[in-house]
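Throughout, read-outs are computed from the coordinates displayed, never taken from laboratory work. As the structure is a computational prediction, the values presented were derived from the model and not from experiment. No Cβ is skipped: glycine too gets one built from the backbone with ideal geometry, and neighbour counts run over all protein chains shown.
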Amino acid sequence: MSHVFLYALVGVGLFTLGLYALIVHPHLLRKILAINVMGSGVFLMLVALGRRTPGTLPDPVPHAMAITGIVVAISATALALALMLRVQVETGRAELPEEPLE
Amino acid sequence: MQQSQPLKKTINPKPMTEGVKKQLLFRLLLVALLSLLATGLGYAVLSLPSSAPGLSELVAENLETSGVSNPVTAVLLNFRAYDTLLELGVLLLALLGVWSFGAVPERRESFPGPVLDTLSRLLVPLLILVAGYLLWVGAHAPGGAFQAGSVLGAAGVLLLLAGWRPGARFVGLPLRITLVAGLGVFVIVSAVLILVGGRLLEYPPSFAATLILLIEAAATLSIGITLAALFIGGRPEAGPNN
Amino acid sequence: METVTLLQWAFDVVLGFSLLWIAWLALTSLDLFRAIVLFIAFGLLMALAWVRLDAPDVALAEAAIGAGLTGALLLAALARLESNNATKPTPEKDHQPEAHD
Amino acid sequence: MPALIFDIHWQAIVILLPLAGAIACFLWPQRGVQLGLISALGIVACVAALGWQVLELGAQRYAVGGWGAPLGIDLYADGLSLLMLIVTAVVGLGISVYSSGYFNQDRARHFWPLWMFLWAALNALFLSADIFNLYVSLELMGLAAVALVALTKGADALTGAMRYLLVSLLGSLFFLLGVALLYHSFGSVDIALLAERMEPSPAVWAAMGLMSAGLLLKTALFPLHFWLPPAHASAPAPVSALMSALVVKASFYILLRLWLEIFPLTNAALAQFLGLLGAAAVLWGGLQALRQTRLKLLIAYSTVAQIGYLFLAFPLASIIGWKGALYILLSHAAAKAAMFMAAGNILHFGGHDRIADLDRVVQRLPLSITAFALAGVSIMGLPPSGGFIGKWLLLEAAIRSAQWWWGIILILGGLLSAAWVFKVIGYAFTPAEVPHEARVVPATMEWAALAMALVAILLGLFTSWPLALMDIGLPFAGEGDG
């Protein structure tokens with residue numbers, strides 16, 4: 001049953017990769033991609049750890065949560081892309097003016 | 001936080017200027033911090049017990065009274081239906097946001113080739129069938145409103161790619177009604193249930209299956225149309241109101 | 001209890017690494033179009049992972065929403081970004097894919 | 001009659017009503033203002049009814065769908081959530097009235113449904129007893145807030161909104177990852193159940209760290225505040241008011257539930273650290289506010305400072321300290337709404353908000369300047385005002401716990417606020433060199449600002465009622481000394 005932890009760790013990896021790209025890349029489209037990768041990492045962890053059930057059936061609650069999360073993610077992505085295009089029309093660049101260092 | 005220092009903005013192509021060095025240092029620091037984060041998270045994950053039932057048993061026990069036999073659908077539309085209600089709100093909200101940015105960006109010049117045209121003629125009816133099937137099958141097998149809705153949305157995207165645009169008559173109130181149908185039916189069902197003396201989203205067991213199907217059907221339609229509308233990327237223009 | 005065979009293990013390991021690898025490629029690719037295509041591929045691989053974790057409902061949602069529609073939205077947005085760039089003469093910097101440092 | 005009222009499911013109605021309002025405003029945009037105002041009045045009435053219910057019957061738990069936690073989602077209304085609902089209702093009503101005069105037809109059609117969605121999200125958030133549900137509410141709130149900020153056209157507003165969106169999504173993802181870890185540790189996402197089953201472990205620490213980081217980012221605690229001033233300052237005035245008065249408080253509210261109920265913060269070093277960040281926010285925000293040349297940016301930086309005060313309660317760790325922080329939260333909500341509204345009036349009137357160019361607005365917009373000054377009294381913490389009571393309670397907590405140095409921060413913060421308030425008022429009396437075009441400001445906008453400022457002052461005169469509310473099922477019951 002330990003492939004569960006393998007996928008959970010991959011989830012952690014995706015989360016961190018996404019976070020790195022989010023901070024480092026100035027282009028907004030890349031930032032949006034990065035947020036999506038981070039989200040996938042979170043969902044992967046959520047669902048993978050739900051497979052630690054003793055029987056043959058997984059825990060359905062994290063599955064429902066992941067589906068909710070996926071729908072939220074596409075909503076946020078759609079809004080972010082539209083906003084990015086507005087920013088580009090207004091400023092000529094699809095980037096934020098100065099990078100806030102975190 | 002470094003708002004007061006504008007030198008970050010100057011990205012010089014020259015190699016190894018002061019800015020580049022600074023950036024390199026920043027990245028190294030970032031990588032170190034993130035590796036620390038990943039290690040910590042990994043450790044936390046691995047420290048969890050290797051076997052845990054979660055809520056699977058509780059879901060299984062209550063599945064019979066939920067009105068559906070697919071546990072995921074039961075969670076989404078009964079046990080945690082309130083999450084789903086708010087989530088339909090999130091989807092609609094995204095569209096409201098996109099529409100508030102302005103009207104549809106000007107039409108793209110590229111005309112659909114014959115391939116896309118034929119493809120959409122073949123695929124769209126098929127996708128609608130698949131959506132209907134997924135909606136229906138969701139009660140007892142993998143599928144459900146979100147999957148069905150997104151397949152419907154894909155059909156819409158294909159139609160849009162092939163150059164189809166909604167007629168002016170459809171763009172006003174009728175379009176808005178289909179967009180809010182999912183959330184609206186959810187809210188109405190909730191209100192009616194409260195009025196007849198139940199709790200928020202407490203379906204009487206004998207009606208559960210019907211109510212879930214009703215909500216899912218409306219949600220599928222709304223999700224599909226909303227996703228296609230998000231693809232257009234702006235408010236369709238046909239007279240300001242109605 | 002399900003017995004995890006060596007083959008399954010190999011599959012999981014390969015899939016796990018490909019997920020990380022493709023995500024990395026998508027996030028560092030110099031060309032935005034390539035990045036998006038890689039991201040769509042990433043979504044499809046995620047769907048595989050969901051299947052492997054016995055989450056067919058999530059797999060369906062991921063394939064349709066995560067890979068399919070998100071991909072379509074991204075491509076449409078990229079097309080508009082580029083047509084905006086083409087119609088309005090803006091600083092050249094924008095046109096090329098930004099140098100990855 | 002009361003019995004009948006107590007039987008009604010006000011908790012559910014308080015969430016459904018704004019959602020229904022949002023749908024109605026979306027379907028009939030040309031009637032947006034009327035529908036919005038009717039919904040606002042309805043929500044206020046329902047919140048009042050819920051308040052009565054809770055006062056009579058005590059804290060209420062409500063199992064959505066009849067399942068009950070851990071299978072289903074519970075709503076929970078105690079004194080703290082009620083307080084947040086009430087402040088949202090009061091400020092929300094003021095903002096609705098103000099907005100009815102503020103937006104033109106074209107922007108009103110977008111504003112009203114978004115605002116109703118935001119209100120629904122806030123009510124849902126304050127009532128939720130389930131951390132996954134809190135995540136969904138947070139996203140609902142975040143997307144609505146971003147779209148509202150972007151209602152102003154122009155580069156500043158759009159980049160501000162874009163950065164805010166990214167920050168908001170990032171914060172939510174951190175929060176969600178924490179939720180996942182907690183769920184997989186204890187098999188539930190219900191706050192009460194989690195608190196019951198809580199046992200420290202690496203996963204729990206990771207979860208609390210992630211969730212706190214996400215929420216601190218959303219609350220804009222120094223040094224994570226970089227996104228706040230541009231977003232809050234460039235939004236339309238009623239939206240700025242909403243953001244500063246209510247939206248940043250929502251994530252702080254979740255933080256309270258986390259650290260007081262789920263995983264009581266007993267680690268003194270951590271509490272001191274949060275207090276230090278709060279103190280830094282008070283000083284930094286105050287100094288930055290003083291440096292600004294534009295009125296709305298100034299007010300936005302003052303929000304950064306005011307958020308800092310809320311975190312001073314962590315190291316004090318006593319009921320009286322928490323009450324002080326909450327009191328500051330309440331009065332800041334009203335006062336800051338009043339300030340942004342007044343700034344909106346000035347902007348509407350003169351077409352700009354450059355402080356040095358205020359050009360005797362005091363004679364032309366006496367109500368707005370009065371509102372600004374009264375709100376300033378509360379922000380500075382002078383009696384009689386809500387801000388004074390809040391600081392007084394915090395000071396008392398500091399002295400009782402023998403940590404007098406936090407008191408110095410309170411005084412310094414007050415002095416900094418006084419400096420910028422007097423600076424603005426001073427310019428309001430000075431004539432500018434070049435006279436400006438001037439537009440008429442609708443009376444509703446002036447009176448709404450004044451009403452909000454009066455609320456902030458009245459909070460200083462009628463203290464027993466809000467303080468008593470905080471005692472209902474309060475999460476601080478077991479905390480520290482009395």
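Taking 0.36 nm per residue of separation and subtracting the Cα-Cα distance, full extension of the segment from residue B:50 to residue B:31 would add 3.8 nm.
Each Lys and Arg adds +1 at its Cβ and each Asp and Glu adds -1 at its Cβ; summed about the Cα centre, chain D shows a dipole of about 1100 debye. Taking a ≥ b ≥ c as the square roots of the eigenvalues of the Cα gyration tensor of segment B:45-101, is the shape rounded (a/c under 1.5), prolate (a/b larger than b/c) or oblate? In terms of gyration-tensor shape, oblate. Per-residue 3J(HN,Hα) values for segment D:72-85, derived from phi via the Karplus relation 6.51 cos²θ - 1.76 cosθ + 1.60 with θ = phi - 60°, read x, 10, 9, 9, 9, 10, 10, x, 5, 5, 4, 4, 5, 4 Hz in sequence order (x marks Gly and Pro). Here's how it looks for residue B:235: its modeled amide H is under 5 Å from those of B:102, B:103, B:104, which are all 5 or more places away or on a different chain. Under a plain spin-label model, where a point goes 7 Å from the Cα along Cα-to-Cβ, how far apart in nm are residue B:207 and residue D:364? Each label point is offset 7 Å from its Cα along the Cβ direction, giving 6.0 nm. Placing unit charges on the Cβ atoms of the charged side chains and taking the dipole of chain B about its Cα centre, the candidate lying farthest along the positive direction among B:153, B:47, B:114 is B:114. In this structure, the pairs whose alpha-carbon distance is over 22 Å, taken from D:153/D:296; D:218/D:336; A:31/D:249; B:21/D:218; A:31/D:218, are A:31/D:249; B:21/D:218.
Could you give the size of the charge dipole of the protein assembly as shown about its Cα centre, using +1 on the Cβ of each K and R and -1 on the Cβ of each D and E, expressed in debye and rounded to the nearest 20? For this selection, approximately 2080 debye.
Per-residue Karplus couplings for segment B:202-217, computed as 6.51 cos²θ - 1.76 cosθ + 1.60 with θ equal to phi - 60°, are listed in order as 9, 7, x, x, 6, 9, 3, 4, 5, 4, 4, 5, 4, 4, 5, 5 Hz, Gly and Pro entered as x. Helices in chain B, meaning DSSP H runs of at least 4 residues, each add -39500 (n - 2.57). Divided by all residues, the mean residue ellipticity at 222 nm is -21500 deg cm²/dmol. Summary: within chain D, the longest segment free of GluC sites (Glu not before Pro) located in DSSP loops with at most 12 other C-beta atoms within 10 Å is D:1-432. Remark: segment A:3-11, residue by residue, has Karplus-estimated 3J(HN,Hα) of 5, 3, 6, 4, 5, 4, 5, 4, x Hz, where x stands for each Gly or Pro and the curve is 6.51 cos²θ - 1.76 cosθ + 1.60 at θ = phi - 60°. The ranking of A:32, C:36 from fewest to most other beta carbons within 10 Å of each one's beta carbon is C:36, A:32.
Take the Cα of residue D:38, step 7 Å toward its Cβ, do the same at residue D:195, and the gap between the two points is 4.0 nm.
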